[in-house]
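I have placed the structure first, in the form of structure tokens, so that the comments after it can refer back to it.
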Amino acid sequence: MKKLSFVLILILAGASAFAQLNGTYHIQYRKAKIDDLEIFYREAGDPEKPTILLLHGFPSSSHMYRNLMEQLAPHYHLIAPDYPGFGLSSSPPPAVFNYSFDHLAEIVEKFIDKLQLKSISFYLQDYGGPIGFRVINKRPELVRAILIQNANIYLEGLGPDVKKIGALTAAKDVRGLEAVTDYMMSLEGIREQYVYGTEHPDRVSPDSYYMDYFIFGQPGIKDIQKVLFNDYGNNFRKYPEWQEYLRKHKPPVLITWGKNDKIFPGSGALAYKRDLPNAEVHLYNGGHFLLEEYGNDIAGQIHAFLQKMPK
């Protein structure tokens, strides 16, 4: 009888785990109406648990967080939106929509309010840095923690790829800038951003860069991205504001960073320590899209970091 009861407990425990994986923890795909836009987003986990808002980079979308969301869903409420012009969100032409980092941050802020998100751990990667820090600096009351992964706000964190674009922009070399941006949006250029600097390139799923390439092949998307490239320099002027935010508010910050990234190398991660000596920094022998290679480890770092925080 005892043996039967033990077996029954195991069966019920397994059924409960299966239900969680296929219910509350299953990623759901939704859209939110923001102004005249449809913002696509992925959602997983229990809304009663601490919220993590995952803001993606270039050339990706919320797709880059697909695995991390499944790993963290048992413990957190996860939301990952696509910006306008990215992924599966609306992509109106630049003639009718202002594609600037200021405006994308406004859309993300409205998205947060639409979903009534509070006490957020912001996960920032690449473009998620300048977009997220605009929101954070304006609305510090939203911040529970900041999780930074290859999202730079220091001049010493600018790698050769960014410096090259900056030099071409300063020289007003339109043809040279066009060639660089076209390459970055080609299949070869997108793949390079995923695999350059990786220790284990065979861990990088081709689904990732083929998905981005497919999206960039849709009508008008490359034109949108070029407008954002032209606006990127405005982020540098805001670096001092965001650094001041860190010094003033001292938010809990976890930094996981691929040190071989030639867009934002490891020096960008270490620079955060200047303004936040208590920031937790982990440098990995990886590249720009670190989650593809070290996703399991980073999920563990996030969980351990957030578990140390007051409830």
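In terms of modelled amide H atoms, which long-range or inter-chain residues lie less than 5 Å from the amide H of ILE34?
Placed amide hydrogens put ILE39 under 5 Å from ILE34.
Given N residues in segment 23-307, what is Rg(Cα) / (2.2 N^0.38 Å)?
0.93
I'd like the FRET efficiency for PHE214 and ARG247, computed as 1/(1 + (r/R0)^6) with the beta carbon distance as r and R0 of 41 Å, rounded to 0.05.
So, using R0 = 41 Å, E works out to roughly 0.45.
Taking K and R as +1 and D and E as -1, what net charge do the other residues with C-beta under 9 Å from the C-beta of ALA105 add up to?
Spelling it out: positives minus negatives among the neighbours equals -1.
So the label point goes 7 Å from the Cα of LYS33 along Cα→C-beta, right? Which residues of segment 81-111 then have their backbone N under 19 Å from it?
So the set is 82, 84, 89-92, 107-111.
Per-residue ellipticity at 222 nm for the chain, helices alone: DSSP H runs ≥ 4 residues times -39500 (n - 2.57), over residue total, nearest 500 deg cm²/dmol?
-15000 deg cm²/dmol
Just going by the charge dipole of segment 23-307, with Lys and Arg at +1 and Asp and Glu at -1 on Cβ, which of GLY45, GLN116, SER89 is farthest out on the positive end?
Looking along the dipole axis, the top candidate is GLN116.
Using the Cβ atoms and a cut-off under 11 Å, what net charge is assigned to the surroundings of GLU280, where Lys and Arg are +1 and Asp and Glu are -1?
+2
Using the Cα centre of the chain as the reference point, and only Cβ charges (+1 on K/R, -1 on D/E), how large is the resulting charge dipole? Debye, rounded to the nearest 20.
It works out to roughly 960 debye.
Short version: ³J(HN,Hα) in whole Hz for each residue of segment 39-45, in order, from phi by Karplus 6.51 cos²θ - 1.76 cosθ + 1.60 (θ = phi - 60°), x for Gly and Pro, what are they?
9, 7, 8, 9, 9, 8, x
For THR181, THR198, what's the fewest-to-most ordering of other Cβ within 10 Å of each Cβ?
THR181, THR198
What pairs in LYS110/LYS164; LYS31/LYS308; LYS138/LYS273; LYS110/LYS226; LYS33/LYS259; LYS33/LYS308 have C-alpha atoms more than 28 Å from each other?
LYS110/LYS164; LYS31/LYS308; LYS33/LYS259; LYS33/LYS308
What order do you get for VAL281, VAL96 when you list them from fewest to most C-beta neighbours inside 10 Å?
VAL96, VAL281
Can you compute the FRET efficiency between LEU283 and SER205 using 1/(1 + (r/R0)^6), with r the Cβ-Cβ distance and R0 = 22 Å? Round to the nearest 0.05.
The value I calculate is 0.45.
For a quick check of your reading of the filter: which GluC sites (Glu not before Pro) in segment 188-289 sit in a DSSP loop and have no more than 15 other Cβ atoms within 10 Å?
GLU199
Once label points are set 7 Å from the Cα along Cα→Cβ at both PHE236 and ASN98, what is their separation, rounded to one decimal in nm?
2.3
Each residue of segment 68-76 in order: what ³J(HN,Hα) in whole Hz does its phi give by Karplus 6.51 cos²θ - 1.76 cosθ + 1.60, θ = phi - 60°, with x for Gly and Pro?
Taking θ as phi minus 60°, the curve returns 4, 4, 5, 5, 9, 4, x, 10, 9 Hz for segment 68-76.
If you fit an axis through the alpha-carbon atoms of helix 234-249 and take the longest principal axis of the Cα set of the chain, what angle between them do you get, 0 to 90°, nearest 10?
Computed tilt is about 40 degrees.
Residue by residue, what Karplus-based ³J(HN,Hα) values in Hz, rounded to whole numbers, does segment 179-184 have, using 6.51, -1.76 and 1.60 with θ = phi - 60° and x for Gly and Pro?
Result, ordered by residue: 5, 5, 5, 4, 5, 5 Hz.
Which one of HIS75, PHE214, LEU187 has its Cα pushed farthest toward the positive end of the charge dipole of the chain, where Lys and Arg give +1 and Asp and Glu give -1 at the Cβ?
Result: HIS75.
Each reported figure results from applying straightforward, stated rules to the coordinates on display, with no laboratory input. Just so we're clear, the structure is a prediction, and the values are computed from it rather than from any experiment. No Cβ is skipped: glycine too gets one built from the backbone with ideal geometry, and neighbour counts run over all protein chains shown.
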